[in-house]
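*Asks:* Have a look at this one.
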Amino acid sequence: MVPLNRQGSVGLQQFTFELFQNHYQIYHNSTDKGIDQKLLESAEQKFLHPHNNYFIEPTSCIKITNQQNAFPERMFPSTDSQVNPLSDIAKYFKEHLTESWKNFNLTEEYRKEYPSSDYINQFLDSFRLESKKFWDELIKSITIRNELLFKIGLALRILPTTLISVFLQIWLNDTESNSSTSSKIMSVANLSALLLTTEQRTLLGGIMVNWVVEQQLERALHFANQKQREDFEKEISNVPHANWTPSMHLPWLILELEMNITIREIQIEVARHMIQPMMNENNPSMSNIIMQLNMGEGKTSVIVPMLAVSVCSSPSSLVRIVVLKSLFPMNYQSLRYKLGGLLNRRVLPFACRRDMNFTDVQINKIFNRLQQGLSNHDVVLTSPEDILSFDLLTIDKCRQNQFDVGRAMLSIQRWMKMFGRDILDESDEILHVKYQLIYSIGRQQQVDGCLERWNTIQFVLNLVKQHTTNIAQQHHNDIFYKASECRSRFPEFHLLNHQPFPELCQRIANAWLNQKNDRQLDQQLILSFILDANSSIDIVIDRLIRCVEQTLSRQFQCESKFNRLMAVPFRAEDVAADNTEFGHPDVAIVLTQLSYYYCGLSDSQMFQCFDRLSQDESDPEMIYDEWISLEEENETISSIKQWKTVNLKDYQQRTQRLFPTLRYNMSVINYFLNHFVFPREAKQFPHKLVSSPWDLFASSRTKIIIGFSGTNDTQLLLPVHIRQYDLPQLQKTDALVLNNLLQPKNDHYQYLPISTSSDEILNLIVKDKSVIQVILDVGALFVDGTNRQIAVKWLDKTDKKQIDYAVYFESDSIFVCDRQYQHHAFLTSPASERLDRCVFYLNEIHTRGTDFKFPNEFRAAVTLGNGLSKDRLVQACMRMRKLGKHHWLSFWSSNEVHQQIQTMKNNSPLLNETENIDDRITLTDILRWVYENTQQSTWDGLHHWAIQSLSFQRKVTAFENIHWKDLQESFTNSTMINLANQCLEDEVTKLENMYGVPKTFRTIFEIYSARWKYSAIYSSVKIHEAVSKRLCSYGGSKTLLAQLLDEEQQRELERVQELEEERYQKRPSSVEPFEPLLHDIIKRLCEEQGPMLNLSKLTSVFCPIADAFLGTTFYSECQPDGWQKKSLAY
């Protein structure tokens, strides 16, 4: 018997870790079978190469000989420096248009004939047959190769959408040549088990190209059947994939297929130019560019999605599309629709406001989401306000010593500078010099002079009212004047030019001095100080020191209010600009006064006045007598003439007599403003943080910034880090637009009567002999109603047999009103399919960036308002995409603008004697007026542009110690504190510094140079030299009044025109009151069964009552030694 050996050797078991997503992966030997070589070669020709003669060609091509269009010389202001002090700017615009006009005249046009619809149908059938063969061969190849997966039911269902998604993911992995191996493995592991071979991908690509061509042919046949010859020729002449290879840009091919479009050659050229600008070798550092592309050429609808999917395909770039705030909803909806399907790109909206009280946890979540967006090829959509607000909020968090939040936000900024790639849509508006964002810093305080300040303005406006009649009679061609209906109201009054201004000032100053009791010598000194710009307050300070000190030292304390009652800038006639206010307090006060004078007080505001009059005034009868004395005697006045007869509880008296009579009374309005508006809202902050379009660019960014727009008239106001760089074939764009604008059928001009209401304008438009279906209110003449109200009024006035809907904008979204006064979203309304039955009202802010496919022969009424510039006019006119061919314009100007155009026409040196006889306003006259405005607005903007550069240079200096390219660098507390302190700017300016300093006439270059010298910013020499060079080249010889202060003062120069500055003001969030706490000792005192307490020994809780006033001016007056020592305070 053999004994059993219980010992034996056992090998150790080996285990491997398997990812969950790979657990059900089945690995098998696939069966290879070749694809039909003829079909494969055909697919290769279409997918792996640009277009190779497979599309329909014209049967004939005849060159059209057009007469050379004469250059419109008369449109431009004089380029003679002796005549025009802004001749450098005028010459710049003229030279630019001359070059564009030359390129436009060199453009060759051809008349092409194309095969019949029957031939195109046969061609389409051949493509469909080939596509079917491709698809059958592809399905056969996939099925055989993955036979086991299909038999056991683990293969995905083969659909075009499934295969295209798999193909796109494989293509993205192949293009990520710089990514790590592990990330590639993860990407492949997330794919379906259906991995397409190279031949299968080529065959699928050939199918996709065929489908794109089939869609294009179907669109062309639709236009042919609808007798839309121009649209048919435009579609059939667009050769698909003529200058690009589909296999190199698979996302573009998918975009074409899913959006049912064919990308045009010029769109490919623009996209390539913006992805990798072909810069001048002599200036390689200039990498940030913007370019011009005509309106209606698919900038937003085609090129932006193309750029997004191309740039975000790179593993090192996160695309950030920057759009105007007013166009954000439309762009978000459009991008989600175009990118969220087969392309599978998420659109991440990014918003930032000051009232978003971020924590470090929230900021880190935002950071993680951005990093995920980079790895997932997502797209960020934002606005310039949100970007600049995030930058300022970062500095503000550092200032508030919220170091964890500030550190996290700085980390995001550093990461975005490394990986962010910005695309600016409507770049000329985004980078406009008029825009700046300001964070107010510190405790709110009254404006200097407060009560005396607005009382003086009210007194001056009353003097204006007294002298307007005589001034208007003497200068009837220079003044717009409409007398008020009653004596107590302020008249409509506006200076059309500067000529009557000196006389008006003289009269007002004399009238003000006549009601004073000063000596004759003193009056002369005061008059000289008011009217002479070179006078200083030092001249009169010795004689009037007491008066000046009383005026400048008055304060009026009152609690703040959240709802803004002061005048604010509007971005459209019924849309107040968010968080925006006028930069100068006196401008804000004057405009607030005029706003209430013209609009009157509401019923609730009238109640406030009478409640205060009856409850808080010691002599209400005297004040009421002053109010009612301004009204003319009539039956209504006689019933409410005495204060004792006023009964607010009498509804009939209140609604029919009292409120209607006094609603526009200047004294009542002044009373309301002095007690309920100015004390609460006419305030300033000691410091501010400023950002502007300059801050969108920084030399520390590793990715270039690109942008485009339909106009390029703001080139001189672009930050020095970016420049206009147009493709040669697009340099004719300006001339092309103006040529279409100058067509004879657009030569239709009307001017409106003085002070025309919206209802009256609509009546004139409806009665006009030319049928108008679109109103482009770029001149903002419809000022007495909301968009909805105006649209409804217009619909009521139109012919019910022809028009069923009115389309308008509300809260940046498109709405439609039908005959039953039901309001719906436009896209889901039947009106979207029946544009010929609609009228369209586009307010000022939406005459840019909106796109409607208006039917042929539509005509638009374009309003002309004061100061209208060329870029705004052209943007509005080009809402009519077929302008000059099938869309037409009529121009409607205000009476004020008509006077300006007429005066400019009569004074033009280019008119000959024959033309002087004709008073008719032509298109050339309108464009001449527009170019004058553009020249002036450019010169005005150069000063703001230069001052904004100083704020930017200050921040460059503050950030110079941060190494943005070092992702491992930590931000210390001291670094963040220094950063915030260096970025802060002073905000408050005293009255003496504002008006009490002699003013001198200086050029804008001299003003900028002085401010740069006093600011002592020497770390940005290149920026300073670039700014100085542009100001020297285009600032001209024109001067403006500026005041040069002492070097110790923070604001060295103040410019008169800067008083009209509008800025986006971000006020601090409201402060929450501190929650009161009751000390434990006080609680013990309330215990009935508690022990006796010696309060004099509890010095940490109780103190002598006199000590409660320590640190105040009352302490010395309260006789602290006279209080009993036992009197204690908590």
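*Asks:* May I ask you to say which residue of Arg680, Arg657, Arg701, Arg723 is touching a Lys or Arg at 6+ places or on another chain (Cβ under 6 Å) and outside any loop (DSSP other than H, G, I, E, B)?
*Replies:* Only one candidate qualifies: Arg680.
*Asks:* Tally time: how many residues in the range 1005-1023 are of a type in the set (Val, Ile, Thr), farther than 30 Å from Leu527 by Cβ and surrounded by 17 or more Cβ atoms within 10 Å (Cβ to Cβ)?
*Replies:* Count: 2.
Each row is one residue, and each column tells you yes or no for (1) of a type in the set (S, T, N, Q); (2) open to solvent by less than 50 Å² (accessible area, probe 1.4 Å); (3) touching a residue at least 24 places away in the same chain (Cβ under 8 Å).
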position: Arg788; (1), (2), (3): no, no, yes
position: Val807; (1), (2), (3): no, yes, yes
position: Gln822; (1), (2), (3): yes, no, no
position: Thr828; (1), (2), (3): yes, no, no
position: Asp836; (1), (2), (3): no, no, no
position: Phe840; (1), (2), (3): no, yes, yes
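*Asks:* Go through the range 73-91 and give me each residue that's under 23 Å from Leu923 (Cα atoms) and surrounded by fewer than 18 Cβ atoms within 10 Å (Cβ to Cβ).
*Replies:* Once the filter is applied, which keeps residues that are under 23 Å from Leu923 (Cα atoms) and surrounded by fewer than 18 Cβ atoms within 10 Å (Cβ to Cβ), the range 73-91 yields Glu73, Arg74, Ser78, Thr79.
*Asks:* Return the pairs, sorted by first residue and then second, in which the second residue is part of a loop (DSSP other than H, G, I, E, B), the first residue lies in the range 52-76 and is more than 30 Å from Tyr931 (Cβ to Cβ), the beta carbons are less than 7 Å apart, and the residues are 6+ apart or on different chains.
*Replies:* That search, which allows pairs on different chains as well, returns Phe55/Val239; Phe55/Pro240; Ile56/Tyr114; Ile56/Pro115; Pro58/Tyr114; Thr59/Tyr114; Thr59/Pro115; Lys63/Glu108.
*Asks:* Taking the condition of being among the aliphatic types (A, V, I, L, M), within 38 Å of the chain's Cα centre (by Cα) and either part of a helix (DSSP H, G or I) or not assigned by the TED database to the domain that holds Ile120 (or both), how many residues in the range 206-256 meet it?
*Replies:* Residues that pass the stated criteria total 8.
*Asks:* Return the residue satisfying two criteria in turn: it lies in the range 212-253 and is among the β-branched types (Val, Ile, Thr) and under 20 Å from Leu124 (Cα atoms), and of such residues it is surrounded by the fewest Cβ atoms within 10 Å (Cβ to Cβ).
*Replies:* Top of the filtered list is Val239.
*Asks:* When the residues of the range 1024-1059 are narrowed to those that are open to solvent by less than 30 Å² (accessible area, probe 1.4 Å), farther than 18 Å from Tyr1014 by Cα and part of a loop (DSSP other than H, G, I, E, B), which ends up modelled with the lowest pLDDT?
*Replies:* Checked the range 1024-1059; the qualifying residue modelled with the lowest pLDDT is Gly1036.
*Asks:* Looking at the range 597-613 only, could you name the residues that are open to solvent by 60 Å² or more (accessible area, probe 1.4 Å), closer than 14 Å to Asn665 by Cα and without any contact (Cβ under 8 Å) to a residue 12 or more places away in the chain?
*Replies:* Of everything in the range 597-613, just one residue is open to solvent by 60 Å² or more (accessible area, probe 1.4 Å), closer than 14 Å to Asn665 by Cα and without any contact (Cβ under 8 Å) to a residue 12 or more places away in the chain, namely Cys599.
*Asks:* For Leu203, indicate whether it is of a type in the set (A, V, I, L, M) and open to solvent by 10 Å² or more (accessible area, probe 1.4 Å).
*Replies:* no
*Asks:* Next question. Does the range 380-392 include one or more residues that are under 26 Å from the mean Cα position of the chain (by Cα), among the aromatic types (Phe, Trp, Tyr), closer than 21 Å to Arg353 by Cβ and at pLDDT below 90?
*Replies:* no
*Asks:* Across the range 632-648, which residue is nearest to Cys609 (Cα to Cα) among those that are within 50 Å of the chain's Cα centre (by Cα) and at pLDDT below 85?
*Replies:* Ile637
*Asks:* Follow-up. Taking the range 384-396 only, how many residues are open to solvent by 10 Å² or more (accessible area, probe 1.4 Å) and more than 17 Å from Val322 (Cα to Cα)?
*Replies:* Selection size over the range 384-396: 0.
*Asks:* Another question about this same structure. Would you check which residues across the range 354-412 are among the small types (Gly, Ala, Ser), in contact with a strand residue (DSSP E or B) (Cβ under 8 Å, 6 or more places away or on another chain) and part of a helix (DSSP H, G or I) and list them?
*Replies:* Gly373, Ser389
*Asks:* Another question, then. Answer with yes or no whether Gln789 is more than 22 Å from Met330 (Cβ to Cβ), assigned to a helix (DSSP H, G or I) and polar (S, T, N, Q).
*Replies:* Considered against the rule, which asks whether it is more than 22 Å from Met330 (Cβ to Cβ), assigned to a helix (DSSP H, G or I) and polar (S, T, N, Q), Gln789 comes out as yes.
*Asks:* Looking at Asp734, Asp726, which is the one that is crowded, with 20+ Cβ neighbours inside 10 Å, in contact with a Ser or Thr (Cβ under 8 Å, 6 or more places away or on another chain), over 25 Å from Asp391 (Cβ atoms) and at pLDDT 90 or above?
*Replies:* On inspection, the qualifying residue turns out to be Asp734.
*Asks:* Same structure again: Would it be correct to say that Glu452 is touching a helix residue (DSSP H, G or I) at 6+ places or on another chain (Cβ under 7 Å), of a type outside the set (A, V, I, L, M), closer than 30 Å to Leu504 by Cα and touching a residue at least 60 places away in the same chain (Cβ under 8 Å)?
*Replies:* yes
*Asks:* Same structure again: Can you pull out the residues in the range 317-353 that are of a type in the set (Gly, Ala, Ser), assigned to a helix (DSSP H, G or I) and modelled with pLDDT of 90 or more?
*Replies:* Ser334, the sole residue that qualifies.
*Asks:* Among the residues of the range 456-463, is any farther than 21 Å from Tyr995 by Cα and part of a strand (DSSP E or B)?
*Replies:* no
*Asks:* Looking at Ile754, Ile765, Ile803, can you tell me which residue is under 12 Å from Thr863 (Cα atoms) and β-branched (Val, Ile, Thr)?
*Replies:* That would be Ile765, the only listed residue that is under 12 Å from Thr863 (Cα atoms) and β-branched (Val, Ile, Thr).
*Asks:* Pairs, please: C-beta under 7 Å, at least 6 apart or cross-chain, first residue of a type in the set (Val, Ile, Thr) and in the range 267-293, second at pLDDT 90 or above and part of a loop (DSSP other than H, G, I, E, B)?
*Replies:* Every condition considered, the pairs that remain are Ile268/Asn243; Ile268/Trp244.
*Asks:* Inside the range 607-643, can you point out the residues that are under 14 Å from Ser488 (Cβ atoms) and part of a helix (DSSP H, G or I)?
*Replies:* Hits for the range 607-643 are Tyr624, Asp625, Glu626, Trp627, Ile628, Thr636, Ile637.
*Asks:* Considering only residues that are part of a loop (DSSP other than H, G, I, E, B), open to solvent by less than 50 Å² (accessible area, probe 1.4 Å) and either among the charged types (D, E, K, R) or farther than 30 Å from Asn105 by Cβ (or both), which ones fall in the range 740-772?
*Replies:* Across the range 740-772, the qualifying residues are Leu752, Ser755, Thr756, Ser757, Asp768, Ser770, Ile772.
*Asks:* On to the next question. Pick out the one residue from Phe708, Phe685, Phe697 that is within 13 Å of Ile430 (Cα to Cα) and surrounded by fewer than 21 Cβ atoms within 10 Å (Cβ to Cβ).
*Replies:* Only one candidate qualifies: Phe697.
*Asks:* Also, I was wondering about something else. For residues in the range 370-383 being farther than 24 Å from Leu327 by Cα and either of a type in the set (Asp, Glu) or touching a residue at least 12 places away in the same chain (Cβ under 8 Å) (or both), which is least open to solvent (accessible area, probe 1.4 Å)?
*Replies:* The selected residue is Leu374.
*Asks:* Now, a different point. Quick test of your reading of the structure: Glu99 fulfils all but one of (1) out of contact with any helix residue (DSSP H, G or I) (no Cβ under 7 Å at 6 or more places or on another chain); (2) in a loop (DSSP other than H, G, I, E, B); (3) in contact (Cβ under 8 Å) with a residue 12 or more places away in the chain; (4) closer than 30 Å to Trp929 by Cβ. Name the failing condition by number.
*Replies:* (2)
The values are calculated or read from the model by the stated rules, or taken from the named source; none is laboratory data. Note that this is a predicted model, so its numbers are computed, not measured. Counting neighbours? That spans all protein chains shown, and the Cβs are built from the backbone with ideal geometry, glycine included. What goes into the accessible areas is simple: the full protein's heavy atoms, side chains included, and nothing from ligands, DNA or RNA. Shrake-Rupley method; radii C 1.70, N 1.55, O 1.52, S 1.80 Å.
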